[in-house]
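Below: the structure, in structure tokens.
The values are calculated or read from the model by the stated rules, or taken from the named source; none is laboratory data. Just so it is clear, the model here is predicted, and its values are computed rather than measured. Backbone-built Cβ (ideal geometry, glycine too); neighbour counts: all protein chains shown. Protein only, heavy atoms only, side chains kept; ligands, DNA and RNA dropped before computing areas. Shrake-Rupley method; radii C 1.70, N 1.55, O 1.52, S 1.80 Å.
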Amino acid sequence: MTAPADFRFDQHVLHFSGELTLARIGDLSRRLEALGEAPRTIDLGEVDRIDTVGAWLVHRIAREHDVEIVGADADVCQLIEQIAEADKPLKIRPDSSPPFIRVLREIGDATSAAAHSLAGLIGFFGATLIGLWGLATHPRRFRYNAMARQFEVVGVKALAIIGLMSFLIGIVIAQQGAVQLRQFGAEVFAVNLIGRITLRELGVLMTAIMVAGRSGSAFAAQLGSMKLAEEVDAMRTIGVSPMEALILPRILSTVVLMPLLGFYSAVIAIIGGGIFCWIDLDIPPITYVQRIREVVPMTDLWVGLIKAPVFGMLIALCGCYQGMQVEGNAEEVGLRTTASVVQAIFLVIVLDAVFAVFFSSIGWI
Amino acid sequence: MARLNTADDETVIHVEGLRNAFGEQVVHDGLDLDVKRGEILGVVGGSGTGKSVLMRSIIGLQPPQAGVVEVFGEPMIGREDHEAQQVRRRWGVLFQGGALFSTLTVAENVQVPIREYYRQLDDQLLDEIAAYKVAMSGLPPEAGPKYPSELSGGMKKRAGLARALALDPQLLFLDEPTAGLDPISAAAFDELIRSLQRTLGLTVFLITHDLDTLHAICDRVAVLADKRVIAVGTIPELLALDHPWIQEYFNGPRGRVAAEAAERAAVKETGE
Ligand SMILES: Nc1ncnc2c1ncn2[C@@H]1O[C@H](COP(=O)(O)OP(=O)(O)O)[C@@H](O)[C@H]1O
Ligand SMILES: [Mg+2]
């Protein structure tokens, strides 16, 4: 290895030595700036090798002071000339503003983005309805294959995880309920608790959260990546409507699957609770099932089954809408995917509260 | 006397007995290739003959099933990452699609390799380096603070070239740099690569389909067919061979037009 880049300065001559290359330049640039006097000649005679960075440093000095360069062969002179030609000031990033203004702007941007996002979502819902109407009038354009695929991805593949989650939740409700009710000597009422809360609320709500995390995010990421790769534009130009080929199959399959998954989740939670009751409270399965039938009104099932497709619609809408909003770069895909999940879960919970008030007021309690 | 920072070895890339396969499909079998210091080697072959895969195996992104790959005399296969780093900082790669980092501006893209390898450089010098690299790649100064999604295809290629040149490499890999460019931009790109190669003393591994590029700037051309390099040489040398694909490639209607254009250019140059 040869010597690192160095210089010495005497009698108005700047002698460079060593390797004037990116790898060996070290802090030469800073030391050169600390140099007080202006050189008249730059001597490259002792330099072993030079690359564009070395040539740039030489050019930078030559630019500011009128100097003569000696000790360089024709190739190196040409390199320095080329670098001189390429000396154009350049902005590295777009301009940024002072912190205070930036904070204000970010708050404003976030507010208007939230409003836009809600308005956009409503608009997207409208577009989906129009697309659905198109399908209803031309049923032959319906894409069975895409739909079947989504059924598998959104539904069948989610069975295991939703089942496990619901089973555990059933056990937790039974256990916590029994502990509290035991204080009143009323632990058998844990059965009422399990039956009603799973069918009415938790089955569908937990499933919605799971589907939003599993499928809503996947919709956003898939559609977002397709938009980045211009696949969506390519579809449009071929005459395939992205609404029919991509969005409706996802939305329809989620709407159809949410009630099924929600009901499945409630049943598994009831089974989990039943096993706990059998082991801990000595309630045999036959008695447990009988009590469930007695204490859970039919309306509880309807409440769950009515809410589920609405939640499914919301989740798929948020996922597809955010995915179709992706523009520009890969980071955007990540941001939009996160946004789709957060938005979906938030809206599901808001709507769940609305439903709770509504069903109570029509007497389904 | 100062001289350019070029490679010392006579043979910069040495490939021997390379075999690549994806499942059943064998892409290369017994492929040999040598690239000499300071030359621009054009690599041609039909679509899907494995030009990109060859480049990926040389730069270590595609571990081959058998064979020897040496770059700057160092074996590249089965090396630990930190050993390969020493060689990696001596080459620059321009991928087929540009492969710019989409969350960084053009100028920041150029700075990424420098920041990665030379942390001690001060920010001012880094910005200056980015500025002249961007200018050398033929981009206007307005392109510096732009994000890749705001660039046209040709500008992306140039920005990719600027990033490939960031570390002042001795060896440059270019995968179809002029594909998708209009003829004027493509010719300017050829000229740019030629002049960079001359001033920096680069060795260039250039995959291309562009017959004009081959005539204008390549010192030698390697022809990929039948899973190996069937011939390497200057275009007249290749034309002397009796291989049907080579004859069709260079003597087809497009090949002849490109050859005539190159001849006219050569006459003009000597006439001046
Ligand atoms: N990651 C991969 N997996 C499977 N096959 C691949 C992969 N990459 C390339 N191939 C196959 O290898 C062959 C050569 O590809 P490539 O080198 O990209 O062609 P080209 O010469 O046009 O650049 C093609 O037939 C392609 O299908
Ligand atoms: Mg290729």
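Residue pairs, Cβ under 9 Å, 6 or more apart or interchain, first in segment B:202-218 and under 12 Å from B:I235 (Cα atoms) and away from chain A (no Cβ under 14 Å), second assigned to a strand (DSSP E or B) and away from ligand 1 (no atom under 16 Å from the Cβ). List them. Note: pairs meeting the criteria are B:I217/B:I40; B:I217/B:V204; B:C218/B:I40; B:C218/B:V204. The residue of segment B:124-146 that is nearest to A:L90 (Cα to Cα), among those that are of a type in the set (D, E, K, R) and open to solvent by less than 50 Å² (accessible area, probe 1.4 Å), is B:E128.
Among the criteria (1) open to solvent by 50 Å² or more (accessible area, probe 1.4 Å); (2) at the interface with chain B (Cβ under 9 Å from one of its Cβ atoms); (3) part of a strand (DSSP E or B), the one A:E81 does not fulfil is (3). Being within 16 Å of ligand 2 (Cβ to nearest atom) and away from chain A (no Cβ under 14 Å), is that true of even one residue in segment B:183-199? No: segment B:183-199 contains no residue that is within 16 Å of ligand 2 (Cβ to nearest atom) and away from chain A (no Cβ under 14 Å).
Looking only at residues in segment B:57-102 that are within 16 Å of ligand 2 (Cβ to nearest atom) and more than 15 Å from B:A164 (Cβ to Cβ), which one is modelled with the lowest pLDDT? The extreme case among them is B:Q62.
Quick grid of which residues meet (1) surrounded by 15 or more Cβ atoms within 10 Å (Cβ to Cβ); (2) over 30 Å from B:V27 (Cα atoms):
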position: B:V71; (1), (2): yes, no
position: B:E80; (1), (2): no, no
position: B:Q85; (1), (2): no, no
position: B:G98; (1), (2): yes, no
position: B:A107; (1), (2): yes, yes
position: B:R119; (1), (2): no, yes
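The rows are residues; the columns are (1) in the same structural domain as A:G224 (by TED's automatic domain parsing); (2) open to solvent by less than 30 Å² (accessible area, probe 1.4 Å); (3) modelled with pLDDT under 95.
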{"position": "A:V310", "(1), (2), (3)": "yes, no, no"}
{"position": "A:G319", "(1), (2), (3)": "yes, yes, no"}
{"position": "A:A330", "(1), (2), (3)": "yes, no, yes"}
{"position": "A:V348", "(1), (2), (3)": "yes, yes, no"}
{"position": "A:L351", "(1), (2), (3)": "yes, no, no"}
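Would segment A:112-127 turn up any residue that is at pLDDT 90 or above and of a type in the set (V, I, T)? Scanning segment A:112-127 turns up at least one residue that is at pLDDT 90 or above and of a type in the set (V, I, T). Taking strands (runs of 3 or more DSSP E) as the structural unit, those lying wholly within segment B:153-270 and holding at least 1 residues that are open to solvent by 10 Å² or more (accessible area, probe 1.4 Å) and of a type in the set (K, R) correspond to B:220-225, B:228-233.
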